[in-house]
Amino acid sequence: MSTFEQQLKRMHEGAGFIAALDQSGGSTPKALVGYGIQETAYKNEDEMYALIHAMRSRVMTDKSFTGDKILGVILFEKTLNSKVEGLPTTEYLWKKNILSFLKIDKGLEEKVNGVQLMKPIPNLAAVIQDAGSKGVFGTKMRSVIFENNQTGIAAVVKQQFDFARIIIANGLVPIIEPEVDIHSPDKKEIEASLKKYILEQLNTLAPNEKVMLKLTLPTVDNFYNEFTKHSQVVRVVALSGGYDLEKATQLLAANKGTIASFSRALLDDLRVNQTPEEFSKVLSTAIDVIYNASIT
């Protein structure tokens, strides 16, 4: 069995969740402030990215951060091209039996028809081939839906699957992430429309074309259960979407077959000034809570 086949089997059948450590240029300053590092602590982007890599490395090297409970990690491009304890990030993670995913989207367009589509991704095939050569298993790309606008939702899903086909053709497994704004008054209706369009696209995939779905936790429990059983879906994962750890895990536990792919809910209580013991205890607690909700 090839490494890719091993990883595909692990992602499809393994117990655990995906940690999202992919804050990018726009969200990095906010992530650092949450960690206890103010914007006055760095003078330029290079210093900022060095600080966020130090935070991510602290998380990834913690004794509680293992393949026993974590199936994969979503990485920002700079993290992919950096090292952890002297090893390329993907190599370090795979030694822990953890798969790597690369965030590939370049941010969002302005809102049109109640949604934000992704900006173009230049040289996508080359980006995917390069990531694959570095040991990356899959990708992640995010759009956002605010309103139950059929034109907008259909456009989001089509764009996601159009990119997904390119990713699959170049050897990786795409995570499709059409986030639904948790504050939308139409959230339940949006989810019904989104499910319809995703099913239509899934049913056009060839047997060897596999995707993952990263979805906002639904208003109706188990609403996406059909996706967890679909032959073209490797795994359904949930984003925390602004919910805190307690609320996100409560909702997750109510959705059978869905596992977590949390960022904020995982990292919220970590601080730069915590002692190694304090940091590890806080991280371990969050990992245990998210893991337990993912396997419920």
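Select from the range 118-176 the residues that are under 14 Å from Ser100 (Cβ atoms) and among the charged types (D, E, K, R) and list them in ascending order.
Asp130, Lys134, Lys140
Given the structure, is Met118 within 25 Å of Val234 (Cα to Cα) and out of contact with any Leu (no Cβ under 9 Å at 6 or more places or on another chain)?
Values: within 25 Å of Val234 (Cα to Cα): yes; out of contact with any Leu (no Cβ under 9 Å at 6 or more places or on another chain): no.
Considered against the rule, which asks whether it is within 25 Å of Val234 (Cα to Cα) and out of contact with any Leu (no Cβ under 9 Å at 6 or more places or on another chain), Met118 comes out as no.
Please state which one of Ile37, Ile98 is under 21 Å from the mean Cα position of the chain (by Cα) and buried (at least 19 other Cβ atoms within 10 Å of the Cβ). Give the steps one after another, and end with the answer.
On the way: Ile37 fails: under 21 Å from the mean Cα position of the chain (by Cα).
One residue alone meets the criteria, Ile98.
Could you tell me which residue of the range 233-270 is modelled with the lowest pLDDT, considering only residues that are farther than 16 Å from Phe101 by Cβ and in contact with a Ser or Thr (Cβ under 6 Å, 6 or more places away or on another chain)? So that I can check it myself, show each step before the final result.
So the first thing to find is which residues in the range 233-270 are farther than 16 Å from Phe101 by Cβ, and the list is 240-258, 264-265, 267-270.
From the residues that got through so far, the ones that are in contact with a Ser or Thr (Cβ under 6 Å, 6 or more places away or on another chain) too are 241, 248, 253, 257, 264-265.
Details: Gly241: 88, Ala248: 93, Ala253: 96, Gly257: 96, Arg264: 85, Ala265: 88.
Here the answer is Arg264.
Report, by residue number, each residue of the range 91-146 that is among the charged types (D, E, K, R) and closer than 20 Å to Thr216 by Cβ.
Applying the first criterion (among the charged types (D, E, K, R)) to the range 91-146 yields 91, 95-96, 103, 105-106, 109-111, 119, 130, 134, 140, 142.
Once the filter is applied, which keeps residues that are among the charged types (D, E, K, R) and closer than 20 Å to Thr216 by Cβ, the range 91-146 yields Lys103, Asp105, Glu109, Lys111, Lys140, Arg142.
Every residue in the range 201-253 that is closer than 21 Å to Glu13 by Cα, among the small types (Gly, Ala, Ser) and in contact with a strand residue (DSSP E or B) (Cβ under 6 Å, 6 or more places away or on another chain), please.
Ala238
Kindly check whether there is at least one residue in the range 179-196 that is part of a strand (DSSP E or B) and in contact with a strand residue (DSSP E or B) (Cβ under 7 Å, 6 or more places away or on another chain). It would help to see each step written out before you state the result.
Filtering the range 179-196 down to residues part of a strand (DSSP E or B) leaves 179-180.
Imposing the further condition that a residue be in contact with a strand residue (DSSP E or B) (Cβ under 7 Å, 6 or more places away or on another chain) reduces the set to 179-180.
Scanning the range 179-196 turns up at least one residue that is part of a strand (DSSP E or B) and in contact with a strand residue (DSSP E or B) (Cβ under 7 Å, 6 or more places away or on another chain).
I'm trying to understand the selection: among the residues of the range 1-23, which are surrounded by fewer than 17 Cβ atoms within 10 Å (Cβ to Cβ) and either more than 27 Å from Ile259 (Cα to Cα) or small (Gly, Ala, Ser) (or both)?
Of all residues in the range 1-23, those surrounded by fewer than 17 Cβ atoms within 10 Å (Cβ to Cβ) come to 1-6, 9, 12-13, 15.
If the condition is that a residue be surrounded by fewer than 17 Cβ atoms within 10 Å (Cβ to Cβ) and either more than 27 Å from Ile259 (Cα to Cα) or small (Gly, Ala, Ser) (or both), then Ser2, Ala15 are the ones that fit.
The values are calculated or read from the model by the stated rules, or taken from the named source; none is laboratory data. From a predicted model like this one, the values you see are computed outputs, not experimental measurements. Cβ atoms come from the backbone with ideal geometry, glycine included; neighbour counts cover every protein chain shown.
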